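What follows is a short report on a single structure.
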Amino acid sequence: MRKVLLATTALVGVALAGAAQAATTSPVTLNVGGYDDFVAGRFHEAQGTSATTRAHGDFENEYKINFDALGKASNGVEYGANISLWNGPEVANLWTGGGNTVEVNSAYVWLSGAFGKVLMGDEHGASDLQVYAPTVGEGQIDGRFQDFTSPTTLTRVYASGIDNTEHSTKITYYTPKVGNDMGKVQLGVSYAPSLYDYGSNVVKFNSGAATNGAISPYKNDIKAAAEFWGNWHPVTLAASANLQTADAGATGTGVPAMYASAPGAGNGFQDFTSWGLGAQLGFSGLAGFTLGGSYQDLGRYGTTHAQNKNQDVYTVGAKYEFDKVGVGVSYLTSSQYNNLLTGGTATGVVNSNYVSSYNAWGLGATYTWFPGLTTSADGVMFEQNVTNQADNNDGYVLLVSQRLAF
């Protein structure tokens with residue numbers, strides 16, 4: 001009996017050792033990371049000619065988990081996949097803030113080699129090469145403060161121009177970085193058949209009906225961008241140029257809220273072309289100091305045929321990081337349509353929703369206690385002037401956050 005037990009133990013040991021060796025020699029490895037970010041916020045708005053006041057304080061918790069698979073072939077080609085889950089905004093609530101459901105933030109497979117890099121799936125695309133005003137912590141003008149305001153009262157304006165949470169199912173190609181130690185350039189291009197269409201959904205009809213438009217107000221979305229990195233001690237430069245264009249999609253009532261509620265939506269949306277430039281300068285003589293800004297022309301993005309006024313976004317900012325401390329200041333100004341504004345929508349006049357000027361001033365600071373554990377403070381003041389003065393708005397958002405990245 002003892003011999004049988006010994007033999008059985010030996011067989012189990014050999015099997016476990018074989019399994020362990022197979023695991024360590026697997027061609028694909030899996031890394032797990034993410035963050036949890038708790039925010040305490042205080043916000044105040046004074047809206048319209050009657051100066052209706054909204055003031056309140058609340059907590060918010062945002063979290064994300066990233067799964068990254070990585071493999072490498074014998075010829076040097078790398079390949080992998082990414083799946084990222086978070087509780088942030090998705091297409092159903094893209095302009096209204098997040099929720100408490102877990103959404104897919106990105107999910108794609110990729111190949112990388114001397115030919116460049118190809119990504120296929122749900123990801124941001126070539127717009128990831130865009131450069132705009134530098135920020136720290138919660139992002140100041142381009143950060144979390146918008147979670148504490150409503151798009152029916154305050155326009156959501158992104159430093160990147162068109163919303164930088166978009167991760168429609170697409171194919172993206174990046175060239176290799178070409179150059180030398182003094183300067184390198186990289187190009188990227190993306191194609192998405194249907195904008196704001198994610199995951200396993202397939203748009204099955206090529207018509208303007210709500211069946212087709214419930215997901216995508218734009219078709220054949222193409223992004224292209226170029227980024228340049230320069231290093232001329234003691235100055236560094238990151239600069240970008242970008243272009244995005246798409247065909248108008250459905251006019252049905254099933255489109256996302258921003259479009260469904262647009263006055264004159266029955267007249268159809270407009271094709272759009274957006275372009276922009278951005279740059280950041282770093283100064284090693286002033287260790288950790290970065291200065292930058294951007295310009296983005298939004299074209300006819302998010303508008304109906306009767307809405308033809310200029311739409312643009314400017315940013316400028318600076319940050320200084322030293323040891324465990326970071327400080328940032330930034331400014332954003334914009335003119336664009338907001339078809340979610342309740343006052344303008346009620347009038348039924350298409351240009352009453354035009355935000356003739358939107359201004360935001362941000363100041364932020366961070367302190368890293370230990371690797372991955374950071375405390376941040378943000379303050380953003382905003383001012384909005386609209387053709388329909390009932391939608392004028394000014395106020396502020398104050399945030400304090402505790403974040404752990406792992």
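For the range 297-308, the candidate set comprises residues that are out of contact with any helix residue (DSSP H, G or I) (no Cβ under 7 Å at 6 or more places or on another chain) and in a loop (DSSP other than H, G, I, E, B); within that set, the residue that is nearest to S160 (Cα to Cα) is L298. Considering only residues in the range 47-82 that are surrounded by 12 or more Cβ atoms within 10 Å (Cβ to Cβ) and at pLDDT below 90, the one that is nearest to Q402 (Cα to Cα) turns out to be R54. Of all residues in the range 363-406 being of a type in the set (V, I, T) and under 23 Å from Q47 (Cβ atoms), which is farthest from the chain's Cα centre (by Cα)? Filtering first and then ranking leaves T387. For the range 357-406, filtered to residues that are of a type in the set (A, V, I, L, M) and in contact with a helix residue (DSSP H, G or I) (Cβ under 8 Å, 6 or more places away or on another chain), the residue that is farthest from R54 (Cα to Cα) is L363. Within the set L85, L111, L129, the sole residue that is more than 19 Å from F38 (Cα to Cα) and either under 13 Å from the mean Cα position of the chain (by Cα) or modelled with pLDDT under 95 (or both) turns out to be L129. A Cβ distance below 9 Å, combined with a sequence gap of six or more or placement on separate chains, defines the contacts here; from the range 149-165, residues that are closer than 20 Å to A225 by Cβ and at pLDDT below 90 reach residues that are in a loop (DSSP other than H, G, I, E, B) and of a type in the set (D, E) in the pairs T165/E90. Flag: S216 does not match the condition of being assigned to a loop (DSSP other than H, G, I, E, B), over 13 Å from F269 (Cβ atoms) and either modelled with pLDDT of 85 or more or of a type in the set (S, T, Y) (or both).
Being in a helix (DSSP H, G or I) and either touching a strand residue (DSSP E or B) at 6+ places or on another chain (Cβ under 9 Å) or not β-branched (V, I, T) (or both) is true for just one of S330, S352, S376, S334. Which residue is that? Criteria check complete, one pass: S352.
The values are calculated or read from the model by the stated rules, or taken from the named source; none is laboratory data. What you see is a predicted model; the values in this text were computed from it and never measured. Using ideal geometry, Cβ is built from the backbone for each residue, glycine included, and neighbour counts are taken over all protein chains shown.
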